[in-house]
Amino acid sequence: MSRARRWITAVLIALTLIGIGGCWDERDISDRSPALGFGFDYHRSSGWSVAMSEVRFVQGTPSSYTGTLFQGAGPDLRSAMEDLRSHVGREIYLGSVKIFVLGPGLMENGVRDAIRLLQWNEEIDRTAFLVTTTKDPALILSSSGPAGPNVVRLLKAFETHKDVRDGFAEEPLWDAIRSLSTPGTTFQVPIFDSSATGTTYTNGTAFVGPDGRLSARLDTEHSKYLRWLMNRSSREVLALPDGQQVRTSTVRTQVHFLGSSRRVLVDVAVTADGHLVHASLFTSEVRRHLAGEVAALAIQHLTEALHALQYAGADVPTWKEIASAAGYEDWSLPKSTIQVRVRTTVAPFTSSGF
C-alpha cells in the first residue's frame, strides 16, 4: 500500500472511529456529513455554487472507497450552503475536510467570503490543503471514476507530487487566511485539474492579490522555478535543450537588495549530477557543457517567471520578509530591477534515488 493510500485510509478510518466513539458538542457524529473535499465557486450571472464530496472507507471493494457528491447553489454563500444542507439531509461538518477547492469564477471575483467562512469555523483542520482549478470544482470532487472518488485521486496526486506540495506553506489554508488579513500581502495556491478520463494533474500556480482576486497564473514549468526563488525546491530531473538531462541535488537562492535604486540580485547556486551520463563519459568538457546549459535554462525560466509576476503586479512569497529585514519596508517586486545569476556545479551521475 502506497504512502498516499495509507494516509487517506487512515483519515477515513479515523472518521469512522470518531463516529463510534460518541459526540462533539453534544451532537451525534451520525448527524454530520463525513466530507473529505469541499469546493466553492462564484459567477456574477449565476451566483454561488458549492460542492461537497463524502468519502467512506469500504473494506473489500476494489477501490476501498465509495463517494457521494452533493451540490448546492444560491445568490449568496449562505443560501448556497443552506441549499447544500437540504440535499445532504444533515449538518455539514467541515472539520473532516482535507482539501478545499477554489473555482475559477471565485478566483476572478474574489475569495474573501469563502476564506472568511473557513476562518471563523473552529473545527477546520489547520493542515487542510487549499487548491484551485480552472474547471468546475464539482468535476474534480466528483464521485465518478473506476479508481474511486475523484477527491481521493486528487489527494493522492497532491501527496505524490512532493515537489509541488513542498513549494507551499505547511498550513496553506491558514497561510491564505493570514495573508488576506494582512494589507498588501499576496498568497499562492497550486492549480490541479482533472482530465476527461479522470486523471488528476498539476497545472501551475495561481496568485491571489491583496484584493482577494486572482492576480497572476504561472504554468507548471515556471512554477518549478518559482519554488527555486522561494528555496522550496525538491530534487528533480531537468531536461536540457540539447537532449541531455541533469538531476538537481540542491538549489540555494539568496536575494540581495542593492542600494536605494531598488535593484535586486537573485543569486542561485545549483548542484546536480549528469543524469544518465555514465561516469566514464563524464569529462571536464561535459561537466562545463552541462553546467552552462543548466545555468542558461534556469536564467531564462527564472526571468520569465519574475517578469510574469511583475506584469501582474504580484510579489514572490517570502521576499517581502527578506526586504523588510534589509530595511525595505515599502518594497514591491513590480517596481524593482532584477538581475538573475545562476552558478551550477555538476558531478558525475550517481545511482542514488530520489
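How about segment 326-338: which of its residues are assigned to a strand (DSSP E or B) and exposed (fewer than 14 other Cβ atoms within 10 Å of the Cβ)?
The one that is assigned to a strand (DSSP E or B) and exposed (fewer than 14 other Cβ atoms within 10 Å of the Cβ): T337.
Being part of a helix (DSSP H, G or I), in contact with a helix residue (DSSP H, G or I) (Cβ under 8 Å, 6 or more places away or on another chain), surrounded by 12 or more Cβ atoms within 10 Å (Cβ to Cβ) and in the same structural domain as E236 (by TED's automatic domain parsing) is true for just one of A296, A314, A305, A323. Which residue is that?
Among A296, A314, A305, A323, only A305 is part of a helix (DSSP H, G or I), in contact with a helix residue (DSSP H, G or I) (Cβ under 8 Å, 6 or more places away or on another chain), surrounded by 12 or more Cβ atoms within 10 Å (Cβ to Cβ) and in the same structural domain as E236 (by TED's automatic domain parsing).
With the checklist (1) at pLDDT below 85; (2) of a type outside the set (S, T, Y); (3) surrounded by 19 or more Cβ atoms within 10 Å (Cβ to Cβ) in hand, flag the one item L238 doesn't pass.
Result: L238 passes all but (1).
Among the residues of segment 182-219, write down those that are of a type in the set (S, T, Y) and over 11 Å from the mean Cα position of the chain (by Cα).
T182, T185, T186, S194, S195, T197, T199, T200, Y201, S215
Looking at this structure, is D330 in contact (Cβ under 8 Å) with a residue 24 or more places away in the chain and of a type in the set (D, E)?
The answer is no for D330.
Among the residues of segment 78-123, write down those that are more than 12 Å from Y42 (Cβ to Cβ), surrounded by fewer than 18 Cβ atoms within 10 Å (Cβ to Cβ) and in contact with a helix residue (DSSP H, G or I) (Cβ under 6 Å, 6 or more places away or on another chain).
Matches in segment 78-123: R90, E91, Q119, N121, E123.
Could you please give the count of residues in segment 241-260 that are at pLDDT below 90 and surrounded by 15 or more Cβ atoms within 10 Å (Cβ to Cβ)?
Qualifying residue count for the region: 7.
If you go through segment 195-229 one residue at a time, how many are surrounded by 19 or more Cβ atoms within 10 Å (Cβ to Cβ) and part of a loop (DSSP other than H, G, I, E, B)?
Result for segment 195-229: 2.
Kindly indicate whether T185 is on the phi < 0 side of the Ramachandran plot, surrounded by 13 or more Cβ atoms within 10 Å (Cβ to Cβ) and either at pLDDT 85 or above or part of a strand (DSSP E or B) (or both).
For T185, the condition - on the phi < 0 side of the Ramachandran plot, surrounded by 13 or more Cβ atoms within 10 Å (Cβ to Cβ) and either at pLDDT 85 or above or part of a strand (DSSP E or B) (or both) - is not met.
Hey, does segment 245-254 have a residue that's more than 23 Å from T133 (Cα to Cα) and part of a loop (DSSP other than H, G, I, E, B)?
Scanning segment 245-254 turns up no residue that is more than 23 Å from T133 (Cα to Cα) and part of a loop (DSSP other than H, G, I, E, B).
The values are calculated or read from the model by the stated rules, or taken from the named source; none is laboratory data. Every value quoted in this text rests on a predicted model; they were computed, and no experiment measured them. FYI the Cβ positions are ideal-geometry reconstructions off the backbone, even for glycines, and counts take in every protein chain you see.
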